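Worksheet: one structure, shown below.
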């Protein structure tokens, strides 16, 4: 097990996952629960969280704490972190998964409301959550922060501008965390997927499901479970191992501009 799991010797490890109501966050919850981790699940949609929590408790016998938290709300994040610390203690693993893309426009045509939504969620939200959890990890001398980045943080593509900037920012913050946490026993990692079929594109296109579906036509994208497996791999390394960054893409994707699509529309 990773160093993070040694901080709670009398209890199962505790993993906090943001944006846990669907997609990659929910897949991470299932993966960590299957490995015996107790969970703290945060998202805006409490009903979905509670439904997932009930299933995981029934299937795996783990304790699951849920809270309706919008990571853009600094006060709400702080209150939820204090409540969690009182109920369950400081998490051993923090998965900063909450994130989104909003809009796809040339920067000269961009919508400031979309920009604010991405910056507030992908960067400021990640910072608010990390700031609320890291002091406890540092005090304990163990812990692991895993940020969900993107290949968009490695390569810019047309109309990606602000989303690219936020994911490049996540990459920089992960590096900055590792430098600042040197000597504390706390690790920081980034898991950066390419195309993953979730509600991501539906959100980006403001509910246009037809346009979102076209993003994944003609090839087989990653699944949320693929990403969750990688997150678990990173979290479960021995204490002596810190994985800085993992990039995973579907076989059909070789970079942002090279995706092998079947012209017939069939997945392969």
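Quick look at the values:
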{"quantity": "Residues of the range 22-32 classified as without any contact (Cβ under 8 Å) to a residue 40 or more places away in the chain and surrounded by fewer than 24 Cβ atoms within 10 Å (Cβ to Cβ), total", "calculated": "0"}
{"quantity": "Spans of helices (runs of 4 or more DSSP H) in the range 195-268 with at least 3 residues closer than 26 Å to residue 159 by Cα", "calculated": "200-204, 209-214"}
{"quantity": "Options 164, 122: the member that is surrounded by 19 or more Cβ atoms within 10 Å (Cβ to Cβ) and free of Cβ contacts under 8 Å to residues at least 24 places away in the same chain", "calculated": "164"}
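Throughout, read-outs are computed from the coordinates displayed, never taken from laboratory work. Because the structure is a prediction, the values reported are computed rather than measured. Neighbour counts run over all protein chains shown; Cβ positions are idealised from the backbone, glycine included.
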